[in-house]
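Computed from the coordinates by the stated procedures, all read-outs in this text should not be read as laboratory data. Note that the structure is predicted; figures quoted are calculated from it, not measured. Backbone-built Cβ (ideal geometry, glycine too); neighbour counts: all protein chains shown.
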Amino acid sequence: MKYYIAKIDEQHGEFECSHSVMIATEKDAHQRHEEITKDWYSIDLDEDPNQEGVYWNDCMTYQSGSLTKISKKTFQELGKKRILVTFCDGE
């Protein structure tokens, strides 16, 4: 299992924000990050035909931001704090 902190970038017109999440996965990290982004808010998002990796929901867009590998110990310590949404494969 590998551990990451990932960002999902969200844009509502001129307003932009990023959400940080933790990912524990044995899959390709970039692929798993993309899956999570595409399913953000559990909404079936449409991919922008002109921009790969950009997903639309009405006037909002979502795309994968940075992806940083972290240690299992760091992942566990941050998990205890419950400050980030966590995605763990197989649990």
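Taking 8 Å as the Cα distance limit and 6 or more residues as the minimum spacing, I'd like the relative contact order of the chain as a percentage.
Over the chain, the number comes to 39 percent.
In the chain, the longest principal axis of the Cα atoms and the axis of helix 72-81 are about 70 degrees apart. Taking every alpha-carbon pair within the chain, the share separated by more than 16 Å comes to 53 percent. Given +1 at the Cβ of Lys and Arg, -1 at the Cβ of Asp and Glu and no other charges, the dipole of the chain around its Cα centre is 940 debye to the nearest 20. Among beta bridges identified by DSSP and lying wholly in the chain, the antiparallel ones come to about 85 percent. Relative to the longest principal axis of the Cα atoms of the chain, the long axis of helix 29-38 lies at roughly 50 degrees.
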